[in-house]
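The values are calculated or read from the model by the stated rules, or taken from the named source; none is laboratory data. Model, not experiment: these values are computed from the prediction. Glycine also receives a Cβ, built like all others from the backbone with ideal geometry; neighbour counts cover every protein chain displayed.
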Amino acid sequence: MDERSLCNEEKMTAKTGFVIRANLIPKCYSDIPVVIFTSLIIPTLYWFELFVVFSSIFPSPSVIYNIIFTMGLFEIHNLMGNFIAIVICDTSIKGRPLPDENQIGVKYCSICETITPPRSFHCPSCDICILKRDHHCVFTSCCIGHFNHRYFFNFILHICVTVLFCMPFNIYFLWDAFTFREFSFVASLVFPVVLLIIDLGPGNISTDQIYLILFCIETLGLLFCTSWFILHLKLICQGTIIHEMKRYINWYDLGKKKNIEMVFGRRWYLTWLSPFITSELPSDGISYPMRKDIVKRSKHHKEKAS
């Protein structure tokens, strides 16, 4: 490969930002069980929905079941694809070019011992500064930042869509599987895990009770992800992150369309279809376009100071 090809490849990497992390092992050991749980529960629930719930409601083979099965393949590819992309995408300052010291928001990190770009913050769990750090996600044991924010949002989007679609069928399935007149059903519905541990014992656990636990996990996941989806949709449309929201900073609000492009790239309207779709980001994570009034104000202060 010649120098020109290498240069083009480096430019493209800077634009897409998808650099695989050198070390994928979680630095925060308390995150490990959560990551393992997340990586196992998604395929488990996929199996539960397609091969237990829907196969019991709709006969297989049938046109309806085949359509649902195809939709299931689309969703599991998005869920696992975005989940893996969040985990392996390096969104830290490691290997990135240093920012211009005169740029607004540039600061020095005493832990990393280097100047860091605007909107980057040090993560105590990852032990490194993260580009446009939004928060540390315990479910993936990595930070959500400039280059993987797209995958995080689409991950929770597809969780909400999938569970909302499955919920009516799950309720119908459980209604048919349990007798509502029995006190044990009401108890297992309210305290499913406690009832299994205290009252039933491991030898008495039925498959229906396991299905009930999976349903409860889905319901809790839907409530949690819906709240995060609403929050991040608002943040993305406003061109801000959690740290800036808490401090009422809106320097980077360029209008809804531009703000969406800053997270999902120039082909933002396609990114929900697959994590494998490339979408060039307008920013390299080192510098960010700012509102014109903020830039003018900054220039005015500099002229005054000089």
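Quick check, is PHE264 under 28 Å from HIS77 (Cβ atoms), surrounded by 13 or more Cβ atoms within 10 Å (Cβ to Cβ) and touching a residue at least 60 places away in the same chain (Cβ under 8 Å)? Judged against the criteria, PHE264 is a match.
Exactly one residue among LEU235, LEU254 is under 27 Å from HIS158 (Cβ atoms), surrounded by 14 or more Cβ atoms within 10 Å (Cβ to Cβ), modelled with pLDDT under 95 and among the hydrophobic types (A, V, I, L, M, F, W, C), and that residue is LEU254.
Scanning the range 119-153 for residues that are among the aliphatic types (A, V, I, L, M) and touching a Cys at 6+ places or on another chain (Cβ under 6 Å) yields ILE130, ILE144. Scan the range 179-187 and tell me whether some residue there is modelled with pLDDT under 60 and under 30 Å from TRP228 (Cα atoms). Within the range 179-187 (the criterion being modelled with pLDDT under 60 and under 30 Å from TRP228 (Cα atoms)), the answer is yes, since at least one residue qualifies. For the range 113-127, the count of residues that are of a type in the set (Ser, Thr, Tyr) and under 26 Å from ASP293 (Cβ atoms) is at least one.
Being within 30 Å of ILE115 (Cβ to Cβ), out of contact with any His (no Cβ under 7 Å at 6 or more places or on another chain) and in contact (Cβ under 8 Å) with a residue 24 or more places away in the chain is a condition met by at least one residue of the range 31-41. Screening the candidates LEU220, LEU214 for the property of being of a type outside the set (S, T, N, Q), assigned to a helix (DSSP H, G or I), under 26 Å from HIS135 (Cβ atoms) and modelled with pLDDT of 75 or more yields one hit, LEU220. With respect to the conditions (1) polar (S, T, N, Q); (2) under 22 Å from PHE276 (Cα atoms); (3) at pLDDT below 95, ASN78 lacks only one, and its number is (3).
Of the residues in the range 87-94, at least one is at pLDDT below 95 and either more than 17 Å from the chain's Cα centre (by Cα) or surrounded by fewer than 14 Cβ atoms within 10 Å (Cβ to Cβ) (or both).
Cβ-Cβ distances below 7 Å connect the following pairs, each with a first residue in the range 267-280 that is free of Cβ contacts under 8 Å to residues at least 60 places away in the same chain, a second residue that is part of a loop (DSSP other than H, G, I, E, B) and of a type in the set (D, E, K, R), and a separation of six or more residues or different chains: ILE277/ARG267.
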